[in-house]
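Computed from the coordinates by the stated procedures, all read-outs in this text should not be read as laboratory data. What you are looking at is a predicted structure, and each value in this text was computed from that prediction instead of being measured. Backbone-built Cβ (ideal geometry, glycine too); neighbour counts: all protein chains shown.
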Ligand code: SF4
Ligand code: SF4
């Protein structure tokens, strides 16, 4: 229930959002406050609802390529990856290995970009203005690289059923190698400026503790789950694409507070760099598009569920077909939706400033929740 | 007691370390571009709105008016029209309109075209005061681009039907 | 002639005009300096297009602010709402009167100079309270509440640290304090250094600047107490903030960094024109050095939380400054 103003004036009802600097988009959180202490926090969603799922049911598969990137603007490629994998699974299309490697390389770069964006925005929530500019400096390199191969900086629509729509060239490969070196050298400054900073530590340590039980209860995934000590990562538990051939760790931290989630994401960036590096080394030759992709993709009859690990957690596509080229049902399980549902339980009894830190540490991307 | 002072000193030290990082970056050169004055080179793979491919030698287009692009577009932003001139075998493109306000730059049209008659432009400095500024007449753009390349545009040159004089 | 206009009055009016002009220039310069430093810390050039290297940016911004309408929210207490910005910038300007810029360059050398400044500086919190309360906005109200708790708490260690110097010198008079630092500066003595550090931290908190900018905490309270202000009302708050910074640094310079004294042999205690110029330059150099550090600090750290802010004050700053005061008192007696 959304709280109503209290006639006794003991508590205060405050609308945080839909326009508020730290709700990052159009999320509205209705707060019931006692002084600065939050009693209840009710997220109100739907301000950015664009009917993406419904659009998936009236368009054919290729018509939906553009939609996937619009749901999560920070990590668009994972969304594309899940979509094409679901369709390929339904149709039994074999993707050439080079295409799969390219998908992994670009998705992991996109994951780093997404985490960098989160890093800056989280620090901005905590009141530090400068780190976001440093992380954007790095993110800009990734976007330049991805722009060079996909043609767009944010809404890539790069993956196609059966492969990808453009091959990597030498400039991208060299640029990525340079970027990996550069990014590794930048982490030191991040750790000095932020991780070690006493004010930052005091703001995030022991704040917003999520127990593993809560994670299971609410179905939270991604860095949020791994920050509570649950090593749940789709890339490991249900390997898709070529992740089973690559060597990387799943960073987990048991504390469950904002700081653990922060460290998970920073460690994940380093792991993603490892993945990109290995994938570049092993990049096979060959075509980037499967030979026998029918022009008209007839789906089903039947249904598939395909999950991938997006930057924010488990992203699932449920696709049901009835034999036509337009899906009968397309259901998307975005990670942030479940992660957001943790908020009310986390928020009771914390200070307003902590609520902002907690929301930041959940890494919410609102368009993905609203869809 | 010792812990109390240790904490203070460690805290202060971490703050000084932070100051050193920002101080060092402050003295390093800036990384931004003074946008309207300097521009970065745009990658040749950039996907702007679509354009008709110009043959720089002949000034002809490659479109065969098969309507594949119009059908492939999920947002319905393309309108293609063609006519069969007297005695000709093939249809000739007479009109190609793009409603860029609806385009999501998915690239389906370019992939669908059997003759590779359309390509992505590199226009990104797009601004307008009305949404009609983004309804492009690609045939008109084709003519302009031909002239910029120094060839005579040979597109849609059927004798245009003279517009009716307004009735008084 | 002198009967109608007593020379003292003329002197007062002229100096007041000069002080106000100085405060405005200072704010204009500091806005630009802050944006430039912030820009370079973030690896961008800051304002660049208006005038050479963006030098005229503040003038243009000021013009924009003046041209804008000052809206009063419908439920606001209109008269208080309008009074708050003025309340925020007049006291720090008035306090500049007792600041000794050079041996002769001081409007009034009150024998309670330090007290005078501190009591005027304390009015700042009233301005924030009035602004936050009269805006009829929940965010503004939170900003006001925070500001009061914060400023009241931080006034204590601030006073204690200044008291260290006052009992050392044995006078509240600014000129006496400067004169006592002819040979050495208090900041370079152990007790003086601790007091200086405590004072500087409290000074940042008193001016409500990051990392203690809780009353305006952008990510929590949108803009805190000045959420509802537009146009020149907002501009005056800015002016007040920068004048306050100037004041805090001026006090620090006077009490801890030797005022208008230069280091060792580069100094002069003369009263001639050139001596005055040199002394003023030393003074301003130190003041702006401190301000640059304040700006640097602001663009480096995250914001502290409200309970941590008060804990820090009561558990660390106050005990330390009290101990420091006690040590100083004992040492002076010996
Ligand atoms: S890019 Fe996509 S949306 Fe745009 S015109 Fe082509 S098919 Fe239509
Ligand atoms: S542009 Fe290509 S797809 Fe479109 S009508 Fe012409 S030939 Fe066909």
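Report the FRET efficiency, 1/(1 + (r/R0)^6), for residue B:20 and residue A:245, where r is their Cβ-Cβ distance and R0 is 30 Å, rounded to 0.05.
On the way: r = 42 Å, r/R0 = 1.40.
Taking R0 as 30 Å, the efficiency between residue B:20 and residue A:245 is 0.10.
In a Debye calculation with equal point scatterers on the alpha-carbon sites of segment B:50-149 and no solvent, what is log10 I(q)/I(0) at q = 0.10, 0.13, 0.18, 0.25 Å⁻¹?
After summing over all Cα pairs, the log10 values are -0.27, -0.46, -0.88, -1.54.
Report, in whole Å, the centroid distance computed from the Cα atoms of segment B:19-87 and segment A:4-54.
Cα centroid of segment B:19-87 versus Cα centroid of segment A:4-54: 41 Å apart.
Determine how many Å³ per residue the convex hull of the Cα atoms of chain C encloses.
Details: hull volume 54.1 nm³, N = 334.
Taking only Cα atoms, chain C has a hull volume of 162 Å³ per residue.
Measure nothing but the geometry: give the 0 to 90° angle between the long axis through the Cα atoms of A:76-91 and the longest principal axis through the Cα atoms of chain A, rounded to 10°.
With rounding to tens, the tilt is 50 degrees.
Where the centroid of each part is defined by its Cα atoms, how far is segment C:187-220 from segment C:121-157 in Å?
17 Å
In whole Å, largest first, what are the principal axis extents of the Cα atoms in segment A:150-198?
The principal-axis extents, from largest down, are 49, 23, 17 Å.
In a Gaussian network model over chain A where Cα atoms closer than 10 Å are linked, find which of A:139, A:295, A:201 has the largest mean-square fluctuation.
Of A:139, A:295, A:201, the Gaussian network model singles out A:295 as fluctuating most.
If you take the Cα atoms of the protein assembly as shown, find Rg, then find the Kirkwood Rh from the mean of 1/r over all pairs, what is Rg/Rh? Numbers along the way, then the final one.
Numbers: Rg = 32.7 Å, Rh = 31.1 Å.
Rounded to two decimals, Rg/Rh equals 1.05.
So how far, in whole Å, is the C-alpha centre of segment A:227-279 from the one of segment C:57-117?
Segment A:227-279 and segment C:57-117 have Cα centres separated by 54 Å.
Using Cα pairs under 8 angstrom and six or more residues apart, how large is the relative contact order of chain A, in percent? Show your work: numbers first, answer last.
Values: 724 pairs, mean separation 96.6, N = 371.
After rounding, I find 26 percent.
At a threshold of 8 angstrom on Cα-Cα distance, excluding pairs fewer than six apart, so keeping six or more, what relative contact order does chain C reach in percent? Kindly include the intermediate steps, with their values, before the conclusion.
Details: 489 pairs, mean separation 80.0, N = 334.
Across chain C, relative contact order equals 24 percent.
What percent do you get for the relative contact order of segment C:221-306 when only Cα pairs under 8 Å and 6+ apart count? Don't jump to the answer; show the numbers that get you there.
Working: 41 pairs, mean separation 22.0, N = 86.
The normalised contact order for segment C:221-306 reaches 26 percent.
Using Cα atoms only, what is the angle between the long axis of helix B:2-27 and the major principal axis of chain B, expressed in degrees (0 to 90) to the nearest 10?
40 degrees
Listed highest first by mean packing, meaning other Cβ atoms within 10 Å per residue, what order do C:151-162, A:121-132, C:181-192 come in?
Working: C:151-162: 21.9, A:121-132: 25.0, C:181-192: 16.7.
Ranking the peptides C:151-162, A:121-132, C:181-192 by packing returns A:121-132, C:151-162, C:181-192.
Taking the C-alpha atoms of segment B:21-93, how large are the radius of gyration and the largest Cα-Cα span, Dmax, in Å?
That works out to 23.0, 76 Å for Rg and Dmax.
Using only the Cα atoms of segment A:317-371, build the gyration tensor, take square roots of its eigenvalues as a ≥ b ≥ c, and label the shape rounded, prolate or oblate: rounded if a/c is under 1.5, else prolate if a/b is larger than b/c, else oblate.
Numbers: a/c = 5.74, a/b = 3.76, b/c = 1.53.
Prolate is the answer for segment A:317-371, as a/c is 1.5 or above and a/b outweighs b/c.
Please give the helix B:138-149 orientation as an angle from the longest Cα principal axis of chain B, in degrees from 0 to 90, rounded to the nearest 10.
Computed tilt is about 80 degrees.
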